[in-house]
1. Working only within segment 125-167, note down all residues that are assigned to a strand (DSSP E or B), in contact (Cβ under 8 Å) with a residue 24 or more places away in the chain and β-branched (Val, Ile, Thr).
2. Would you check which residues across segment 66-90 are over 11 Å from Ala47 (Cβ atoms), part of a helix (DSSP H, G or I) and open to solvent by 30 Å² or more (accessible area, probe 1.4 Å) and list them?
3. Give segment 216-269 a look and list any residue that's of a type in the set (Lys, Arg) and in contact (Cβ under 8 Å) with a residue 12 or more places away in the chain, or say none.
4. If I filter segment 440-456 for residues that are open to solvent by 20 Å² or more (accessible area, probe 1.4 Å), more than 32 Å from the chain's Cα centre (by Cα) and without any contact (Cβ under 8 Å) to a residue 40 or more places away in the chain, do I get at least one hit?
5. Restricting the search to segment 26-50, which residues are hydroxyl-bearing (Ser, Thr, Tyr) and surrounded by fewer than 13 Cβ atoms within 10 Å (Cβ to Cβ)?
6. Filtering segment 386-399 down to residues that are under 25 Å from the mean Cα position of the chain (by Cα) and without any contact (Cβ under 8 Å) to a residue 40 or more places away in the chain, which residue is most open to solvent (accessible area, probe 1.4 Å)?
7. Quick check, is Leu448 under 22 Å from Gln485 (Cβ atoms) and outside any loop (DSSP other than H, G, I, E, B)?
8. Restricting the search to segment 233-256, which residues are open to solvent by 60 Å² or more (accessible area, probe 1.4 Å) and modelled with pLDDT of 90 or more?
Amino acid sequence: KKGFDKLNREAAAKGEKTFANPRNAAAGSLRQLDPKIAASRPLAFYAYGVARCEPQPELPSQTQSEQLHWLTRFGFAIAERQLVVESIDAVQDVYQRILAERPQLTVEIDGMVVKVNSLRQQQQLGFLSREPRWATAYKFPAESALTTVEQIDWQVGRTGTLTPVARLKPVLVGGVTVSNVTLHNIGEIYRLDVRVGDTVSVHRAGDVIPKVEKIWPEFRPEEVKGNDRHVRLPTECPVCQSPVVMPEGEALARCSGGLYCPAQRIEAIRHFVSRKAMDVDGLGERWVESLQQIGLLHHVADLYHLHQHREQLLGLEKMGEKSVQNLLDALEVSKKTTLPRLIYALGIRGVGENTARMLADQFQTLEAVMAADLDALQKTPDVGLVTAEWIVDFFRAPHNLEVITQLLAAGIEYPAPAPRMRQPLTGESWCVTGTLAEFSRDQATQMLQSLGARVSGTVSSKTKCVLAGEKAGSKLAKAEQLGIQVLNEAQFVAFLALHGVETSLFE
């Protein structure tokens, strides 16, 4: 805290911006590209464990508390409060004591860590993917403050999710001025019954993220009372005016204009050009952002008009003659595609590669998919009511139809559909798990799909067979438990040969 105060005093004396709290000051200092700036900041380091030490010293080997105090012999600082207790009741007593002493500590803290002291027991307990099993954080109650909701806006994320954001009368919470707070979704608004004009308690979850803790209806102004003042979910996207959809049972509302909506533009284009979709080589997110900034990309159909803007492309940083030509060539090649790839590239919610292939098999043309109603769509394997609703909503959005029309006009084409034939694995559900030596799991999936199988990421009682490579884990165990047939890689290759599948075609 002393260093933080000194840093802010010096910044204020120079007319520079001051930091809101010690946490931000420390993080900002460590992120400096110039190490001299970081070195000039009054940072402090507190050791909380010994991970590795070379040359190997004679470490105290029994407990962590002994190790920490051993570190102080070499000048390392450790936390101000280091206490060893014998029971959970004692842990609670320490928690209350430190909570009371918190304002007098020399550093800002948001809680304490309770650890198993025995190093041998720590070793036995081990780690989860992100934290040890032998330690847990015990947080202090977050500081909160009262303020009023001045407005509620709706933001549209990269995937089309609509998120309500409360604009607050600015209030100081834990050393930071808070003026915006997410309300997450319409369900949370209904749960809190928050309205414009309400008085709310705001705290910073984990002393970082602002959150509405409570609504105070007793302070609600008269003009805010009544059912007509409830917050409503918009019927149209606030960015592109496409219909907003929220299937029954879902918590999140979404904009249906995925191909057109500016808020979803980068995500839509990134998905459209990806390897399993239109496979446009060399068009990364950085180029997409650059093309957007100079006004060349408003939606995916604009990709196929970039050849008209060669000079502007050459003006982009690191875009030489060869890079530009490679990009234009890749876009031209991508025009010749397949119907499953094209359907998948559109980015319809719930429509992955497998579902796109099923739709292509069922309807044979993009126009037929676009015209299909809920009943027709649900007759497609792998398409239930929710996915069918998402598909109908997508093709009901006028802006999406405009973009699709432009894509087809730009020359995107797919081969005439072959007559449907029953394949040997039609109707069967397979699962691929583990590491394969001769080909990737994606290639194995394509081979199975070429025989009509549906490839799922999970194992259930409906699974017909599991292809298990090396280090197959829980899915293999579940298959064995359910008595489902399991093939290893060699058996799978033999199975493919029996059905006339050339593995070399899937490289």
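The values are calculated or read from the model by the stated rules, or taken from the named source; none is laboratory data. Keep in mind the model is a prediction, meaning the values are calculated, not measured. Don't worry about glycine lacking a Cβ; one is built from the backbone with ideal geometry, like all the others, and counts go over all protein chains shown. Each accessible area value is taken on the protein alone, full model and side chains, heavy atoms only, with ligands, DNA and RNA left out. Shrake-Rupley method; radii C 1.70, N 1.55, O 1.52, S 1.80 Å.
1. Thr147, Thr148, Val149, Ile152, Val156, Thr161, listed by residue number.
2. Glu66, Ile88, Asp89, listed by residue number.
3. In the first step, residues of segment 216-269 are kept if they are of a type in the set (Lys, Arg); the result is 220, 225, 229, 232, 254, 265.
Arg220, Arg229, Arg254, Arg265, listed by residue number.
4. Within segment 440-456, the first condition is being open to solvent by 20 Å² or more (accessible area, probe 1.4 Å), and the residues that meet it are 440-443, 445-446, 449-450, 454-456.
Going one step further and asking which of them are more than 32 Å from the chain's Cα centre (by Cα), we end up with none.
Among the residues of segment 440-456, not one is open to solvent by 20 Å² or more (accessible area, probe 1.4 Å), more than 32 Å from the chain's Cα centre (by Cα) and without any contact (Cβ under 8 Å) to a residue 40 or more places away in the chain, which makes the answer no.
5. Within segment 26-50, the first condition is being hydroxyl-bearing (Ser, Thr, Tyr), and the residues that meet it are 29, 40, 46, 48.
Matches in segment 26-50: Tyr46 only.
6. Checking each candidate, the answer is Thr387.
7. Values: under 22 Å from Gln485 (Cβ atoms): yes; outside any loop (DSSP other than H, G, I, E, B): yes.
It is true that Leu448 is under 22 Å from Gln485 (Cβ atoms) and outside any loop (DSSP other than H, G, I, E, B).
8. Of everything in segment 233-256, those that are open to solvent by 60 Å² or more (accessible area, probe 1.4 Å) and modelled with pLDDT of 90 or more turn out to be Thr235, Glu236, Pro238, Val239, Gln241.
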